[in-house]
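Colleague: Would you mind keeping the following structure in view while I ask a few things?
The values are calculated or read from the model by the stated rules, or taken from the named source; none is laboratory data. The model shown is predicted, which means the values in this text are computed figures rather than measured ones. Don't worry about glycine lacking a Cβ; one is built from the backbone with ideal geometry, like all the others, and counts go over all protein chains shown. We work out accessible area using only protein heavy atoms, side chains counted, and drop any ligands, DNA or RNA first. Shrake-Rupley method; radii C 1.70, N 1.55, O 1.52, S 1.80 Å.
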Amino acid sequence: VQLQASGGGLVQAGGSLRLSCVRSGIIFSFNRMGWYRRAPGKQRELVAVITSGGTINYADSVKGRFTISTDDAKRTVYLQMNSLKPEDTAVYYCNVVRGVSDYWGQGTQVTVSS
């Protein structure tokens, strides 16, 4: 199973980006898919997750600005990021959890300039 993340880049504060994460390999159901990020000098933190039942949770810092969604036909999870702030600068990682198995993408850099 592989997760391929894309969509990162450099954007000015107030701008938008959409991250995508495609899972390939054996097609399987999942318990939870989500996005995490790690800023320089900080620990990895949860950004947004969605369960197979459709429950969504966001970090307080991104509520109202970021939206997570999935396209099962494309085996893709998206993260729409609006009103970006310099403090959103980080490497963003997608994650899929199925049972006790935990899968991670390679990360995509998001840089927000002030």
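Colleague: What does the charge count near Gly8 come to, summing +1 for each Lys or Arg and -1 for each Asp or Glu among other residues with Cβ under 12 Å from its Cβ?
Modeller: With Lys, Arg at +1 and Asp, Glu at -1, the net is +1.
Colleague: Using a 1.4 angstrom probe, figure out how much accessible area segment 31-107 has per residue, in square angstrom, rounded to the nearest whole.
Modeller: Value returned for segment 31-107: 53 Å² of accessible area per residue.
Colleague: With contacts defined as alpha carbon pairs under 8 Å and 6 or more residues apart, what's the relative contact order of segment 58-114 in percent?
Modeller: 27 percent
Colleague: Here's a follow-up. Please identify the chymotrypsin sites (Phe, Trp or Tyr not before Pro) of segment 8-100 that satisfy two criteria: DSSP loop assignment and at most 16 other Cβ atoms within 10 Å. Which are they?
Modeller: Phe28
Colleague: Could I ask something else about it? Under a 10 Å cutoff between Cα atoms, tell me which one of Ser24, Ser101, Ser69 has the largest fluctuation in the Gaussian network model of the chain.
Modeller: Maximum among the listed residues: Ser101.
Colleague: What is the spin-label model distance, in nm, from Asn57 to Gln109 if the labels are put 7 Å beyond Cα along the C-beta direction?
Modeller: Taking the two extended label points, one gets 3.1 nm.
Colleague: Leaving out ligands, DNA and RNA but keeping every protein chain, what accessible area does Arg44 have, in Å² rounded to the nearest 10, with a 1.4 Å probe?
Modeller: 110 Å²
Colleague: Let me ask another. Which residue, Thr70, Thr51, Thr89, has the most motion in a Gaussian network model of the chain that connects Cα atoms within less than 10 Å?
Modeller: Thr51
Colleague: I need to check one value: relative contact order of segment 3-108, counting alpha carbon pairs closer than 8 Å and at least 6 residues apart, in percent.
Modeller: The normalised contact order for segment 3-108 reaches 36 percent.
Colleague: So, one more: From the square roots a ≥ b ≥ c of the eigenvalues of the alpha-carbon gyration tensor of the chain, which class results: rounded (a/c under 1.5), prolate (a/b over b/c), or oblate?
Modeller: Prolate shape, in that a/c is at least 1.5 and a/b is the bigger ratio.
Colleague: Return the sequence-ordered ³J(HN,Hα) values of segment 99-108 in whole Hz as given by the Karplus equation 6.51 cos²θ - 1.76 cosθ + 1.60 applied to θ = phi - 60°, using x for Gly and Pro.
Modeller: Working through the residues one at a time gives x, 9, 8, 10, 10, 10, x, 7, x, 9 Hz.
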